[in-house]
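Student: Please read through the structure below; I'll follow up with questions.
Read-outs: derived from the displayed coordinates by stated rules, not from any lab. In this text the structure is predicted, and so the values were computed from the model without any measurement. Because the Cβ atoms are built from the backbone with ideal geometry, glycine has one as well, and the counts that use them run over all protein chains shown.
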Amino acid sequence: MILTITAGKGGVGKTTVAYNLAAELDAVVVDGDLGMADLPQARGPDLHDVLTGRAAPVEAVHEECPVALLPCGRSLAGARAADPTALVEAVRAVEDAYGSVVIDSPAGLCSDVGLPLFAGDACLLVVRPTRPAIADAIRTRELARAIGTPLAQVVLNRVDTPSLDAQDSRRDSIASTFGAPVTELPDSETLARAQRAGHPVRAVAPECPASTQFRTLARTVEGSLS
Amino acid sequence: MHPSSGFKYQDGTTDPMAALDWAVTQTDGVTFVEGYVTSDIGEQVRIESNLDPVWPPRSRGVPVAGWEGTQFEGTVPAEGYLVVGYASPAGPVEPPVELTAETPLVEEDSCSFEQSLEGGDNETVRALVRSLGEAGPPRDAVPLPTSVDDSTPSFENCEDQTQERPQGETGTQTGNSSSRNQPDLDPWFGAIEDRIGTAQRLSTVADADQARAAIDDVGGIEAVRTLQAQLAADRRHLHQLTERTETLRTDLSGVDVPLATLERLI
């Protein structure tokens, strides 16, 4: 299974969702967006090395990290040398070896989003309940539709907790706009602390609400893809 | 420009629906071909290059749509024209291109990536990059390496950063240049391999006729002399590269940053 996590714009918490979902799905997370660049990791090949053909995709998977990670390339030179069209085959090779892949794709509409979307069996859109985030996400949703990648879930991220009525109507409105079920993830200091430390929240606080929510989200996504 | 006749049927008759004019030049061992197709009616045409291999023009690093190996398929609008340009390391031949098929258009042809989804994964990923745009940093964001000595080849001359051969100067785009401080050696190695192949063909001729044909393929006896000089330069450059690589490998194996210690100190 290859699941692509994307967003219409940055800053909505896409990488945190990708990282924690990969932990729950026992998947390799492919960092296509520099989002996990500051996670501690051993030296070794990265995505640029894979996309320039210097390393096989499986060689670039770091299993010693809390979540198995294929790290992003970090140099401008590497970014220019990389062949973006090689991503699709590379991700499929990782899936063949490990079973499940979560791609942390950049936000937006360029080919660095289009190619991860094409590689995915389904995608998940992270949005925040703000007009710019949703407007941009709608464009990305149209891109996914044009490429033919189904939208499995919309994650409405870092929500406050106003009255339940308001939540329901907002969730329904977003679900009908995007044509996909919506999962709300409340803001969580535990989750933010875990992410800053480079851990999935289930490793530091397995019973906290955020861990439970990611567990549920993962099972829902698995169910919709099977 | 050399006009060639219109499409030839198998029985030798010609139908002047589409006409192909061409021009061919050679610079620094690279042959550049321009084809100019005109037609009274809107048609889909196929053009075959008699030069092999073809270095097609590239858009955002991938060959522009229509090129497959030595063949190009494109659309000539009614009473309009289609320009086809490409380069090749092979020597010029005449004619360099031929019109090998034409089909009158029935309906509007478009090349969105939605339609390329039926063409298979490779075509779709290329179409995605073409239509959505490449996301890499611009060429001038990547710093130039400091040059070491004048006799080593300059990596600024390696034009292509993908693993394929350098593309020609014609067409809409020449593609991406190599990154400056992480030079892509594949175009340079590819050019050397091509010269080795040419030298092998020249050295395995069995008789005078074959020799003359082989010399013509390269572009004349002067081109053969140039090839010989270039091969000598290739030997020198590869030897220098090998020595430098060994020195760097030795230096690298003896160095290790004490990261854990340094992290504790800050």
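Student: So which GluC sites (Glu not before Pro) in the range A:129-226 end up in coil per DSSP with only 12 or fewer other C-beta atoms within 10 Å?
Tutor: Values: sites: A:Glu142, A:Glu184, A:Glu189, A:Glu207, A:Glu222; in loops: A:Glu207.
Hits after loop and neighbour filter: A:Glu207.
Student: Could you work out how much longer the chain between A:Ala203 and A:Thr130 gets when fully extended? Use 0.36 nm per residue separation minus the Cα distance between them, nm to one decimal.
Tutor: Roughly 23.2 nm would be gained on extension.
Student: List the GluC sites (Glu not before Pro) within the range A:13-118 that DSSP assigns to loop and that have no more than 14 neighbouring Cβ atoms inside 10 Å.
Tutor: Within the range A:13-118, the qualifying GluC sites (Glu not before Pro) (loop, at most 14 other Cβ atoms within 10 Å) are A:Glu63, A:Glu64.
Student: Along Cα→Cβ, 7 Å out, is where each label goes; now give me the distance between the ones at B:Ala78 and B:Ala233 in nm to one decimal.
Tutor: According to this spin-label approximation, the distance is 5.3 nm.
Student: Moving to a separate point now. For the pair B:Asp207 and B:Asp251, what calculated FRET efficiency results from E = 1/(1 + (r/R0)^6), where r is the Cβ-Cβ distance and R0 = 51 Å, to the nearest 0.05?
Tutor: Calculated value: 0.45.
Student: Over chain A, with a Gaussian network built from C-alpha contacts below 10 Å, which listed residue (A:Asp49, A:Asp160, A:Asp104) shows the highest mean-square fluctuation?
Tutor: Result for chain A, Cα springs under 10 Å: A:Asp160 fluctuates most.
Student: Another question, then. B:Ala18's amide H: which non-local residues (gap 5+, or another chain) put their own amide H closer than 5 Å, with H modeled 1.01 Å from N in plane and none for Pro or chain starts?
Tutor: B:Phe7
Student: A further question follows. Once amide H atoms are built 1.01 Å from N in the peptide plane, which residues 5 or more positions from A:Ser100, or in another chain, come under 5 Å H to H?
Tutor: Excluding prolines and chain starts, which carry no amide H, the hits are A:Val28.
Student: Just tell me how shielded A:139-147 is by partners: mean number of partner chain Cβ atoms within 10 Å of each residue's Cβ, no decimals.
Tutor: 2
Student: B:Gln44 to B:Ile221: FRET efficiency via 1/(1 + (r/R0)^6), r the Cβ-Cβ distance, R0 51 Å, to the nearest 0.05? Present the calculation step by step, with values, prior to reporting the outcome.
Tutor: Numbers: r = 42 Å, r/R0 = 0.83.
Rounded to the nearest 0.05, the efficiency is 0.75.
Student: Report ³J(HN,Hα) in whole Hz for each residue of the range A:140-148, in order, from the Karplus equation J = 6.51 cos²θ - 1.76 cosθ + 1.60 where θ = phi - 60°; Gly and Pro get x.
Tutor: 5, 4, 5, 4, 4, 5, 5, 7, x
Student: Between A:Arg92 and A:Leu225, what is the FRET efficiency for a Förster distance of 22 Å, r being their Cβ-Cβ separation, to the nearest 0.05?
Tutor: On the way: r = 16 Å, r/R0 = 0.71.
That gives a FRET efficiency of 0.90.
Student: Further question on the same structure: Please identify every one of the trypsin sites (Lys or Arg not before Pro) in the range A:1-89 that sits in a loop by DSSP and has no more than 10 other beta carbons within 10 Å of its own beta carbon. Before the final figure, lay out each step's value.
Tutor: Working: sites: A:Lys9, A:Lys14, A:Arg43, A:Arg54, A:Arg74, A:Arg80; in loops: A:Lys9, A:Arg43, A:Arg54, A:Arg74.
Answer by residue number: A:Arg43.
Student: Just how large is the dipole of the range A:65-220 about the Cα centre, in debye to the nearest 20, putting +1 at every Lys and Arg Cβ and -1 at every Asp and Glu Cβ?
Tutor: With Lys and Arg at +1 and Asp and Glu at -1, about 240 debye.
Student: While we're here: Contact order normalised by length for the range A:87-226, with contacts defined as Cα pairs under 8 Å and 6 or more residues apart; what percent is it?
Tutor: Taking the mean separation of contacting Cα pairs over the length of the range A:87-226, I get 17 percent.
Student: Please check: in the Gaussian network model of chain A (C-alpha springs, under 10 Å), which one of A:Ala68, A:Ala146, A:Ala194 has the largest mean-square fluctuation.
Tutor: With Cα springs under 10 Å in chain A, the top fluctuation among A:Ala68, A:Ala146, A:Ala194 is at A:Ala146.
Student: Additional query: Which of A:His48, B:His239 comes first, and how do the rest follow, when ranked by fewest Cβ neighbours within 10 Å?
Tutor: Fewest to most other Cβ atoms nearby, the residues stand as B:His239, A:His48.
Student: For A:70-80, what's the mean count of beta carbons from other chains sitting within 10 Å of each residue's beta carbon?
Tutor: 5
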